[in-house]
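First the structure, in the form of structure tokens, and then the observations on it.
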Amino acid sequence: MTSTGTDASERLAARVRAAGLKVTDSRIAVFDAFRPGEHLDADAVHARVASVLPSTSRQAVYGVLGALSEAGLLRKIEPAGSPALYETRTGDNHHHLVCTTCSTVFDVACIVGEAACLTPSETHGFRIETAEVTFWGVCPDCSAGRASTALS
Ligand SMILES: [Zn+2]
Ligand SMILES: [Zn+2]
């Protein structure tokens, strides 16, 4: 969890700067809290940031998540019935598989490769820009858990 390697944080700082944001400790710490493929809610991010910058409030983390999302450095997803989740994989229009049992979120590549990958049967004159696709189901772990419970 201690990835305060100067190289890594310099790279993060450069990305924050390139997105037009001022580089602050809390922005770097929030950005740095994510591992590839993770989808974290604000509480999880706050817990990690607090281990590096103990004085960071949850409110500050919310603010930074909002700023980083607006700047395109984070993507925010809001699966029904779960708190907003953030991830660092942006710009590829990927979709999500969400487990209805444990709420684990998996990434799946865009169906077509770019937005909007689905076209509605009726556009009502809209120029369609994106289609938000969430697949719901039961993950392998939960399926296995269910099977073994049923056996016992
Ligand atoms: Zn599951
Ligand atoms: Zn994702």
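Read-outs: derived from the displayed coordinates by stated rules, not from any lab. What you see is a predicted model; the values in this text were computed from it and never measured. Here the Cβ is made from the backbone with ideal geometry for all residues, glycine too, and neighbour counts use every protein chain on show.
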Worksheet item: Which distance in nm do the two modelled labels at A47 and A131 give, with both placed 7 Å along the Cα-to-Cβ direction?
Response: 3.6 nm
Item to complete: Would you mind pulling out the separation of the Cα centroids of region 125-142 and region 16-34, in Å?
Response: 29 Å
Worksheet, complete the sentence: Scalar couplings 3J(HN,Hα) for region 84-96 by Karplus 6.51 cos²θ - 1.76 cosθ + 1.60 (θ = phi - 60°), nearest whole Hz, x for Gly and Pro, are 4, 10, 10, 8, 8, 7, 10, x, 10, 6, 6, 10, 10
Discussion item. Could you tell me the extents of region 45-152's C-alpha atoms along the three principal axes, largest first, rounded to whole Å?
Written reply: 51, 51, 22
Worksheet item: Tally Lys and Arg at +1 and Asp and Glu at -1 over the other residues with C-beta under 14 Å from the C-beta of L53: what net charge comes out?
Response: +1
Worksheet, complete the sentence: Note: probe point = Cα of T24 + 7 Å toward Cβ; backbone nitrogen < 15 Å; residues of region 58-77 passing the test are 58-71
Worksheet, complete the sentence: Loop-resident GluC sites (Glu not before Pro) in region 44-129 with no more than 16 other Cβ atoms inside 10 Å, DSSP not H/G/I/E/B, are E114, E122, E129
Worksheet entry | Sum of -39500 (n - 2.57) over DSSP H runs of 4+, divided by residues of the chain (222 nm, nearest 500) | -11500 deg cm²/dmol
Worksheet item: Which percentage, to the nearest 5, of the DSSP beta bridges contained in region 1-149 is antiparallel?
Response: 70 percent
Item to complete: For region 5-77, would you read off the P(r) tail past 14 Å as a percentage of all alpha carbon pairs?
Response: 55 percent
Worksheet item: Using the count of nearby Cβ atoms within 10 Å as a rough guide to exposure, how do V108, V16 rank from fewest to most?
Response: V108, V16
Worksheet item: Check D41: other-chain or 5+ apart residues with amide H under 5 Å from its amide H, H built from backbone geometry?
Response: Y86
Discussion item. For the chain, set up a GNM with springs between Cα atoms under 10 Å and report which of R48, R35, R127 has the largest fluctuation.
Written reply: R127
Discussion item. Explain nothing, just compute: Karplus ³J(HN,Hα) = 6.51 cos²θ - 1.76 cosθ + 1.60, θ = phi - 60°, for every residue of region 103-119 in order, whole Hz, x for Gly and Pro.
Written reply: 6, 4, 10, 10, 7, 10, 4, 4, 4, 9, x, 7, 6, 8, 8, 10, 10
Worksheet item: What number, in nm² with one decimal, is the all-direction average of the projected area of the convex hull of the alpha-carbon atoms of region 91-151?
Response: 5.5 nm²
Worksheet item: Which order do Y62, Y86 fall in if you start with the one that has the fewest other Cβ atoms within 10 Å?
Response: Y62, Y86
Discussion item. Under a Cβ-only charge scheme (Lys and Arg +1, Asp and Glu -1), can you give me the dipole magnitude of the chain about the Cα centre, in debye to the nearest 20?
Written reply: 320 debye
Practice prompt. Using +1 at the Cβ of each Lys and Arg and -1 at the Cβ of each Asp and Glu in the chain, identify which of G20, A50, G81 lies farthest towards the dipole's positive end.
Written response: A50
Worksheet entry | Amide H contacts under 5 Å for C139, placed H, 5+ residues apart | T100, T101, C102
